[in-house]
């Protein structure tokens, strides 16, 4: 189903939302980076399970930081090149306001995303 292109007010509303999300993500990256410092445990004072748990938490923080950095990069890309925003990277059709309201950084329309997930 072909979606209509975004209107200027819709684009502005989504841009404002993306700018707010960018600020939040930048703050998250700072917090994640602080929590993701290398684990240095006293081998005598801490048990094996605690060391494994600390290392696992560090790895989760690093994975979260990588994911957040990818989101930041996508938002910055959208804000730098707004003319490409709202169009599917696969078929070139308009993504649609409903999908972009739910997932503002969507790169694929719902049909192309569904086809990708069914592979």
Given a 10 angstrom Cα cut-off, can you work out which residue in 75, 97, 55 is the most mobile in a GNM of the chain? 55
So how much slack lies between residue 84 and residue 15, counting 0.36 nm per residue of separation and subtracting their Cα-Cα distance, in nm? 23.6 nm
So how far apart, in nm, are the two label points at residue 101 and residue 31 if each is 7 Å from Cα heading toward Cβ? 2.7
Expressed as a whole-number percentage, the relative contact order of the chain with C-alpha contacts under 8 angstrom and at least six residues apart is 33
Only helical DSSP H runs with n ≥ 4 go in: add -39500 (n - 2.57) per run for the chain, normalise by residue count and round the 222 nm mean residue ellipticity to 500 deg cm²/dmol. -21500 deg cm²/dmol
Between residue 77 and residue 54, what length in nm is gained on full extension when 0.36 nm per residue of separation is reduced by their alpha carbon distance? 4.8 nm
In vacuum, with every alpha carbon of segment 8-117 counted as one equal point scatterer, what does the Debye formula give for log10 I(q)/I(0) at q = 0.13, 0.15, 0.20 Å⁻¹? Two decimals, please. -0.63, -0.74, -1.02
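Only the coordinates and a few stated rules stand behind these numbers; no lab work does. Bear in mind the structure is a predicted one, so any value in this text is a computation, not a measurement. Counting neighbours? That spans all protein chains shown, and the Cβs are built from the backbone with ideal geometry, glycine included.
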